[in-house]
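Trainee: Dropping a structure here in structure tokens format, bear with me for questions.
The values are calculated or read from the model by the stated rules, or taken from the named source; none is laboratory data. Small disclaimer: the values here were computed from a predicted structure and weren't measured. Neighbour counts run over all protein chains shown; Cβ positions are idealised from the backbone, glycine included.
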Amino acid sequence: MNWLSHPILQSGIAPFLVALIAAFLFDRLHLSGMAILAGFCTTVYLIADFNFESLTITRKIILMGIVAGALAPVIAIVPSTWRMVRYFLGASAAAVTLWVFWSILIPKQLVESLALGTGLALFVTWQVRVTDSLSSQPVRAGAAGLGMGMGAGFCSLLGASALLGQLGLSMGAASAAYLFLQMVRNQPLSCGRTFTLPASLIPALLVSAALVLAKLPWYCLPVMALIPSTAYLPIMQTRSYRIQIMVFSLMTMMVASVAVGLAWYAEGAVLS
């Protein structure tokens, strides 16, 4: 059916609806955070020919996203205040980053390879560690996921990678569904690492891939790194959930729009 191949449905409507249903159904099991992975997997099913025959960088990102989503409920059992878990997540994020981009790093000169690998690993680790601190705050975590997903999606599109862009937008759409249900109910959903781990790891890897595979300028990554920090700001703590959702979503989207604007400017400079 032709309508199934429409990009708006594949990366926007479908992941939003599936994530909305998943958030509602899994809330009784305190696993509403699974909505983010459900939305992402919906887009993967619709647009990506995923198999293990040839693990390209994009397929590695998809695989790691699914693995992270599957392991997150297990890791969520460990108290979020235990520092060793944060260290484990940071080290794992760095290792995953190096594995995903290994085929790009190896052919380069040693200094260039070390600089690029270290930069990407630090960026992904930062996103995962800071977002993990939001695992007990579903509104802030959802807003961070929204900003990171939309930012990664549009930055990748402007960097000339439609597939990476659609995958990123699916994360933003799933986060939007997660926030929308909280806004309708005016009460929080369950969150935890079930949401924050895939919501941070996947967009960070996608925007990193847009840097090394497409034409995304490097300075978009430091701006993207500000998104989870923005959601972490100690403000609006006494406001209603609806007000918090609107404010934090607006704040993270504004930061994401700066990264998108920089990518747009760089694309225009290249074309001119």
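Trainee: Looking at segment 192-238, which of its residues are surrounded by fewer than 24 Cβ atoms within 10 Å (Cβ to Cβ), of a type outside the set (S, T, N, Q) and not in a helix (DSSP H, G or I)?
Mentor: Hits for segment 192-238 are G192, A214, K215, P217, W218, Y219, A225, Y232, L233, P234, I235, M236.
Trainee: I would also like to ask the following. Looking at T58 and the list (1) exposed (fewer than 15 other Cβ atoms within 10 Å of the Cβ); (2) closer than 18 Å to G149 by Cα, which single condition is not satisfied?
Mentor: For T58, the failing item is (1).
Trainee: Tell me the helices (runs of 4 or more DSSP H) entirely within segment 42-145 that contain at least 1 residues that are within 21 Å of A176 (Cα to Cα).
Mentor: Helices (runs of 4 or more DSSP H) meeting the threshold: 57-75, 110-132.
Trainee: Under the condition of being touching a residue at least 24 places away in the same chain (Cβ under 8 Å) and of a type in the set (A, V, I, L, M), which residue from segment 218-245 is farthest from M148 (Cα to Cα)?
Mentor: Once the filter is applied, the top-ranked residue is I245.
Trainee: Please go through segment 122-156 and give me each residue that is among the aliphatic types (A, V, I, L, M), crowded, with 24+ Cβ neighbours inside 10 Å and either touching a strand residue (DSSP E or B) at 6+ places or on another chain (Cβ under 9 Å) or over 19 Å from A35 (Cα atoms) (or both), ordered by number.
Mentor: If the condition is that a residue be among the aliphatic types (A, V, I, L, M), crowded, with 24+ Cβ neighbours inside 10 Å and either touching a strand residue (DSSP E or B) at 6+ places or on another chain (Cβ under 9 Å) or over 19 Å from A35 (Cα atoms) (or both), then V124 is the only one that fits.
Trainee: Give all pairs with beta carbons closer than 7 Å in which a residue from segment 12-23 that is polar (S, T, N, Q) meets a residue that is modelled with pLDDT under 95 and assigned to a helix (DSSP H, G or I); count only pairs at least 6 apart in sequence or on separate chains.
Mentor: none
Trainee: In the list A121, A177, which residue meets the criterion of being without any contact (Cβ under 8 Å) to a residue 60 or more places away in the chain and either within 22 Å of I62 (Cβ to Cβ) or under 13 Å from the mean Cα position of the chain (by Cα) (or both)?
Mentor: Exactly one of A121, A177 is without any contact (Cβ under 8 Å) to a residue 60 or more places away in the chain and either within 22 Å of I62 (Cβ to Cβ) or under 13 Å from the mean Cα position of the chain (by Cα) (or both), namely A121.
Trainee: Kindly provide the set of residues from segment 93-117 that are more than 25 Å from the chain's Cα centre (by Cα) and under 16 Å from I57 (Cα atoms), ordered by number.
Mentor: Those that are more than 25 Å from the chain's Cα centre (by Cα) and under 16 Å from I57 (Cα atoms): I106, P107.
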